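Reviewing the structure listed below.
The values are calculated or read from the model by the stated rules, or taken from the named source; none is laboratory data. Source: prediction; values computed, not measured. Because the Cβ atoms are built from the backbone with ideal geometry, glycine has one as well, and the counts that use them run over all protein chains shown. For accessibility, only protein heavy atoms count, side chains too; no ligands or nucleic acids. Shrake-Rupley method; radii C 1.70, N 1.55, O 1.52, S 1.80 Å.
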Amino acid sequence: MIWGSAQEFFHMGGYGLYVWGSYAVTAVLMLVEPWLAARRRRRAAQRAQETAEMAEMGHS
Amino acid sequence: MTRRIHWFTFASPSRFYWLSGKLLPWLWASAAVLTAIGLYIGFFVAPTDATQGESYRIIFIHVPAAWLSMIVYVAMAFWAAMGWMLNARMASMMARALAPTGALFTFIALWTGAFWGKPTWGAWWVWDARLTSELILLFLYLGYIALVEAIDDVRRADKAGALVAIVGAINVPIIYFSVRWWNTLHQGATISMTAAPKMASIMLTAMLLMTFAFWAYAFAVVFVRARAIVLEREADTAWVQEMWLQGKEAAR
């Protein structure tokens, strides 16, 4: 085991700010991007469904 | 008689929508599992670096993000060119779907680079060939997005975007070879086809696992965005309307 304690792990040999500053921002961005993309698809799906229902009503 | 396979049918938006829907759960699962294993090896198995201490652990996201930032650009330029030359709808949509993800990877490469440069070189940023050309890549992505979003006519926007994407592609080899062509603070290529890797194999394992994780993530998020673009553009086509009226996609 490399780390003696959780504190040592977070301290990262004095590089905690740099290592966690890199990982935290990357993690946030890579969680937000899929969320935004999924929201965009969901909204497009809603609009497509509305269009389809309108078209069907127009035909009948 | 062998049956001819109609490869171009896979290039149709309806086929893409169906196929990507099948692949997405596997891509997300791969991204999650590979990230978990990669980070475990990177933080709990790989030892402290002899010269850089623990700061080197930024490499496990820095290098994969930098690689993907270039690969996604090449893919974007390729699909934009295909869309332009063959007038293929799906190819142009794919180019647009790739751009935000490429920009994100470029930003991550620059951000993690700054957080690695500060303790290693003593500066968050230097106007060095590698860093500057990567910054230009970010501007190319942002310029492409701004341009295609600014033009209302979709087909014209795709063509204008393709031109920018193709011309900008010249920057990718410049980024890649910048560490060889110019004197630079940035270290040389981590992996080379012709030489043995310059890093310990356990560190390399973690970095490659994270690279595969980023690949899977990129495919997944780009597919989701491409599906959104397909629905936005093809909402009034017969196949989309049929899909909804049959309730195939309603639950998802």
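Tabulated data for the structure shown
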read-out	value
Residue-by-residue Karplus 3J(HN,Hα) for segment B:229-244, coefficients 6.51, -1.76, 1.60, Hz, glycine and proline x	5, 4, 5, 4, 7, 10, 4, 9, 8, 4, 5, 5, 5, 4, 4, 6
Alpha-carbon centroids, segment B:113-181 and segment B:41-107: separation in whole Å	12
Convex hull of Cα atoms in chain B, direction-averaged projection (nm²)	17.6
Full-extension gain in nm, A:Glu56 to A:Ile2, via 0.36 nm per residue minus C-alpha separation	13.0 nm
Unit charges on C-beta of K, R, D, E only; dipole of the protein assembly as shown, Debye	580
Reduced Cα scattering model of the protein assembly as shown, Debye log10 I(q)/I(0), q = 0.07 Å⁻¹	-0.33
Positions from segment B:39-69 whose accessible area shrinks by 50 Å² or more when the full protein complex is built, not the chain alone, probe 1.4 Å	B:Phe43, B:Phe44, B:Glu54, B:Ile61
Rounded accessible area per residue of the protein assembly as shown, 1.4 Å, Å²	53
Dipole in debye (nearest 20) - segment A:6-59, about Cα centre, beta carbon charges: Lys, Arg +1; Asp, Glu -1	140
Gain upon complete extension [B:Val33, B:Trp239; 0.36 nm per residue less C-alpha separation]	70.7 nm
Within the accessible area of the protein assembly as shown (1.4 Å probe), percent carbon and sulfur	67
Label-point gap, in nm, between B:Ala189 and B:Trp18 - each point 7 angstrom along Cα→Cβ	4.1
10 Å-binned pair-distance histogram of segment A:6-59 (Cα, whole percent)	21, 23, 18, 15, 12, 8, 4, 0
Relative contact order %, chain B, counting alpha carbon pairs below 8 Å whose residues are six or more apart	31
Values of log10 I(q)/I(0), in the order q = 0.11, 0.12, 0.20 Å⁻¹, for segment B:52-141 under a Debye, Cα-only, solvent-free model	-0.37, -0.43, -0.87
